[in-house]
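Here is the structure we will look at, set down as structure tokens.
The values are calculated or read from the model by the stated rules, or taken from the named source; none is laboratory data. All values derive from a computational prediction rather than experimental measurement. Please note: Cβ atoms are built from the backbone with ideal geometry, for glycine as well, and neighbour counts cover all protein chains shown.
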Amino acid sequence: MSEDQRNRSWAYVLLRVMLGVNMAFHGISRIIAGPGVFAATLVHGFQNTILPTVLVRAFALTLPWAEAAVGLLILVGLFRLPALLAGGAMLVALTFGSTLRQDWESAGLQLIYALVYAALLAFLSHDRYAVDLVLWRPAWRAR
């Protein structure tokens, strides 16, 4: 592996780990605080929208667990493609909610997250330091 390839691999893993930590602790901190607390806050924030309260509450109770799971998978590099796609899908749902509430600041931040997800998906072949590669690469099994 050339020095440029190695540097790209380290740059990739840095971005993947940063996103993984960020997403995992979004979820973990909400779980520790109590998912009901987060759900109540979200329900209150969506009371003047067309979304039914029961739907907002169900989403809010599920989101912390999904964020934690997706974040941990991205962090360690396990099921990378499905985890990145699931994270992107969560962002679409969050952006829908932010724009519905006309919360343009949050929608703008979500665009930044979307760029990171897109970059990680586009350059997935540069990832050389992931659990996936140890578990499912035939050359690793033979050693």
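Which condition from (1) modelled with pLDDT of 95 or more; (2) acidic (Asp, Glu); (3) over 19 Å from the mean Cα position of the chain (by Cα) is the one that residue 67 breaks?
Tallying (1) modelled with pLDDT of 95 or more; (2) acidic (Asp, Glu); (3) over 19 Å from the mean Cα position of the chain (by Cα), residue 67 fails exactly one: (3).
Based on this model, can you work out whether residue 58 counts as aliphatic (A, V, I, L, M), closer than 30 Å to residue 131 by Cα and part of a helix (DSSP H, G or I)?
Against the criterion (aliphatic (A, V, I, L, M), closer than 30 Å to residue 131 by Cα and part of a helix (DSSP H, G or I)), residue 58 does not qualify.
Return the pairs, sorted by first residue and then second, in which the second residue is in a helix (DSSP H, G or I) and surrounded by 16 or more Cβ atoms within 10 Å (Cβ to Cβ), the first residue lies in region 1-26 and is of a type in the set (Ser, Thr, Tyr), the beta carbons are less than 8 Å apart, and the residues are 6+ apart or on different chains.
That search, which allows pairs on different chains as well, returns 9/126; 12/120; 12/126.
So which helices (runs of 4 or more DSSP H) stay within region 77-137 end to end and still have 1 or more residues that are among the polar types (S, T, N, Q) and modelled with pLDDT of 95 or more?
In region 77-137, 80-100, 104-122 are the helices (runs of 4 or more DSSP H) which contain 1 or more residues that are among the polar types (S, T, N, Q) and modelled with pLDDT of 95 or more.
Among all residue pairs at least 6 apart or on different chains, which show Cβ distances below 8 Å where the first residue, located in region 83-95, is over 21 Å from residue 132 (Cα atoms) and the second is of a type in the set (D, E, K, R) and assigned to a helix (DSSP H, G or I)?
90/67
To keep it simple, each residue is scored yes or no on (1) touching a helix residue (DSSP H, G or I) at 6+ places or on another chain (Cβ under 7 Å); (2) not aliphatic (A, V, I, L, M).
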site	(1), (2)
11	no, no
29	no, yes
39	yes, no
58	no, no
84	yes, no
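Could you tell me which of the residues 94, 120, 85 is surrounded by fewer than 16 Cβ atoms within 10 Å (Cβ to Cβ) and out of contact with any strand residue (DSSP E or B) (no Cβ under 7 Å at 6 or more places or on another chain)?
Checking each option against the conditions leaves just 85.
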